[in-house]
1. Determine which single condition ARG204 fails, assuming it passes every other condition in (1) surrounded by 18 or more Cβ atoms within 10 Å (Cβ to Cβ); (2) touching a residue at least 24 places away in the same chain (Cβ under 8 Å).
2. Is it the case that the range 186-209 has a residue that's among the acidic types (Asp, Glu) and over 34 Å from the mean Cα position of the chain (by Cα)?
3. For PRO118, indicate whether it is part of a loop (DSSP other than H, G, I, E, B) and closer than 30 Å to GLN279 by Cβ.
4. Being more than 33 Å from the chain's Cα centre (by Cα) and among the small types (Gly, Ala, Ser) is the requirement here; does GLY180 meet it?
5. So how many residues does the range 281-307 have that are farther than 30 Å from GLN213 by Cβ, touching a helix residue (DSSP H, G or I) at 6+ places or on another chain (Cβ under 8 Å) and outside any helix (DSSP H, G or I)?
6. Taking the condition of being assigned to a loop (DSSP other than H, G, I, E, B) and under 20 Å from SER90 (Cα atoms), how many residues in the range 121-164 meet it?
7. Among the numbered conditions (1) surrounded by fewer than 20 Cβ atoms within 10 Å (Cβ to Cβ); (2) over 17 Å from ARG286 (Cβ atoms); (3) modelled with pLDDT under 90, tell me where PRO159 comes up short.
8. Considering (1) within 22 Å of THR309 (Cα to Cα); (2) in contact (Cβ under 8 Å) with a residue 40 or more places away in the chain; (3) charged (D, E, K, R); (4) part of a helix (DSSP H, G or I), say which one GLU177 fails and leave the rest.
Amino acid sequence: MEIKELRSFVHIARVGSFSRAAAELYVAQPALSRQVAKLEEELGTPLFVRHGRGVRLTSGGAQLLERAEMIINFVAQTGEQVRASTDRLSGHIALGLPPAVGVQVSVPIVEAFRERWPAVGLHLREGLSSSLQEWLLDRRVDLAIVYNQPPLEAFDVLPLCSEAMVVVGPPGDTVIERRGGEPLRIRDLADLPLLVPGFPHATRRVLEQAAVQHGVHLRVVLEVESVTLTKALVRRGLGYSLLTYTAIQEDVARGDLQALPIERPSIRSIVSLATLREQRASRLVRTMSDVVRENLRELVVEGAWKGHTTWLGDGGHATTRATSGFADE
């Protein structure tokens, strides 16, 4: 059964005449008769009853007409949608964001996506990287910006940039002010009461690995999963923390927190874009991935992403932007 035959059948049924249909379709009448005969043979039932003024549908023909019109309309709509999809994207996509990314990073991504694809519904979910990982698996988000994502078989993980972590302290803190902006070393962390996430948080794994590699024992006095709560506790003088500068740059600018870089060596946090491998074919996911990558690259290369940040998303060609003097900004 071919779409051409169904179109011919529908036209004959509408005008009630083989000869009139042949004239309107610019097709020889015997050709139309052969198409209808083929349909009747395939379906095993007559489709028309001939009379003096033309033809009328049989009961089988009436049933075919209903379905044939639906099929023809569906084929037409499919063509229109495919043609439109080259210029227009619609649907719904959910993006997961960690709290440490901050407004300076997330807002440009949302603005760029909304400007480019206004017909797409966008849902933002904020959570720790461990939560974002679960949400990806549960399809509660379609892709996520994550920190220090471990390799998992279910995920495609694209490293985007590497950001140096900093030691964060309260305003007016003498330990930080006495250093006059001089960076801390990893061994200095042993003397600081730290507020850091518990296991299996990705940041805690990175910190502990760096400490073990350099023979340092971290003095953890409180385990806190929330970035917002961690900053509030540090601001009250209950300890120090290690965060990316992106997470605290607004607090430093307001004078609510102080920060010092860690050097020789630095402790770096890897920012990646994670998606489910089985969603590789999704045009929405690919489009959002491109928007995230383009905007993060611009933020890093142009220096809007403050802190010692290295772009990793260009096939191994790293670009680094550094912001020094954390304690004075």
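1. That leaves (2) as the condition not met.
2. yes
3. In short, yes.
4. Spelling it out, GLY180 is indeed more than 33 Å from the chain's Cα centre (by Cα) and among the small types (Gly, Ala, Ser).
5. Counting residues in the range 281-307 that are farther than 30 Å from GLN213 by Cβ, touching a helix residue (DSSP H, G or I) at 6+ places or on another chain (Cβ under 8 Å) and outside any helix (DSSP H, G or I) gives 1.
6. So the count comes out to 4.
7. Of everything listed in (1) surrounded by fewer than 20 Cβ atoms within 10 Å (Cβ to Cβ); (2) over 17 Å from ARG286 (Cβ atoms); (3) modelled with pLDDT under 90, PRO159 misses just condition (3).
8. It is condition (1) that GLU177 fails.
The values are calculated or read from the model by the stated rules, or taken from the named source; none is laboratory data. Values in this document were obtained by computation on a predicted structure and should not be read as measured data. Here Cβ is always computed from backbone atoms with ideal geometry, including for glycine, and neighbour counts include all displayed protein chains.
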